[in-house]
1. Looking at the stretch 75-87, I want the residues that are under 14 Å from residue 48 (Cβ atoms) and have a partner that is surrounded by fewer than 17 Cβ atoms within 10 Å (Cβ to Cβ) and among the charged types (D, E, K, R) with Cβ atoms under 8 Å, at least 6 apart or on another chain. Which pairs are those?
2. Would you be able to say whether some residue in the stretch 72-84 is part of a loop (DSSP other than H, G, I, E, B), in contact with a strand residue (DSSP E or B) (Cβ under 6 Å, 6 or more places away or on another chain) and either at pLDDT 95 or above or more than 20 Å from residue 41 (Cβ to Cβ) (or both)?
3. Among the candidates 43, 59, 39, which residue alone is farther than 17 Å from residue 100 by Cα and β-branched (Val, Ile, Thr)?
4. Just to be sure I understand the filter: pairs with C-beta atoms under 7 Å, separated by 6 or more residues or on different chains, first member in the stretch 34-49 and at positive phi, second member surrounded by 14 or more Cβ atoms within 10 Å (Cβ to Cβ). Which pairs pass?
5. Take residue 92 and decide whether it is out of contact with any Cys (no Cβ under 7 Å at 6 or more places or on another chain) and assigned to a strand (DSSP E or B).
6. Can you pull out every residue in the stretch 101-117 that is surrounded by 14 or more Cβ atoms within 10 Å (Cβ to Cβ) and part of a loop (DSSP other than H, G, I, E, B)?
7. Across the stretch 66-100, which residue is nearest to the chain's Cα centre (by Cα) among those that are among the hydroxyl-bearing types (Ser, Thr, Tyr) and buried (at least 16 other Cβ atoms within 10 Å of the Cβ)?
8. Filter the stretch 47-65 for residues that are surrounded by fewer than 17 Cβ atoms within 10 Å (Cβ to Cβ) and within 16 Å of residue 16 (Cα to Cα) and give the result.
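The values are calculated or read from the model by the stated rules, or taken from the named source; none is laboratory data. These figures come from a predicted structure and were not determined experimentally. Note that each Cβ is placed from the backbone with ideal geometry, even for glycine, and that neighbours are counted across all protein chains shown.
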Amino acid sequence: MSQGTEGTSELDPRRFALRSERAGGDQRVQLLGEMDLSVIGTVDREVARAEAGDAARIVLDLEELEFLDASGIRLLLNLNARSKSNGDRLRITKARFPQVQRIIALTGVGDLLPFLD
């Protein structure tokens with residue numbers, strides 16, 4: 001999605017949706033549903049588009065994420081590493097679904113990722 005516009009990408013409306021919007025100095029990429037191997041490429045490309053823009057902060061919004069597997073955890077770690085080498089603009093909102101919170105806690109990545117309070 002181009003900078004300054006809103007958009008939605010739906011691969012399977014029952015499983016996953018991605019929304020990207022510019023709000024002030026932030027580029028927000030919201031994930032809804034299930035993030036697994038079948039959708040991580042889409043998420044990676046959307047965050048890369050945000051990184052190419054001039055947003056002061058890129059917010060990856062996991063609040064409505066209902067499922068996260070190992071490929072999603074790996075993507076979050078890769079996005080964080082890429083952000084650190086490119087202005088450290090990535091911030092992540094916490095998921096509200098307990099199953100996503102649990103996988104983040106069990107893997108220990110909660111201490112490594114730039115979660116917003």
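1. From the stretch 75-87, the pairs are 75/44; 78/44; 79/44.
2. no
3. None of the other options fit; the residue is 59.
4. If the second residue must be surrounded by 14 or more Cβ atoms within 10 Å (Cβ to Cβ), no pairs are left.
5. In short, yes.
6. Scanning the stretch 101-117 gives 113, 114.
7. Applying the filter and picking the extreme gives 93.
8. Scanning the stretch 47-65 gives 63, 64.
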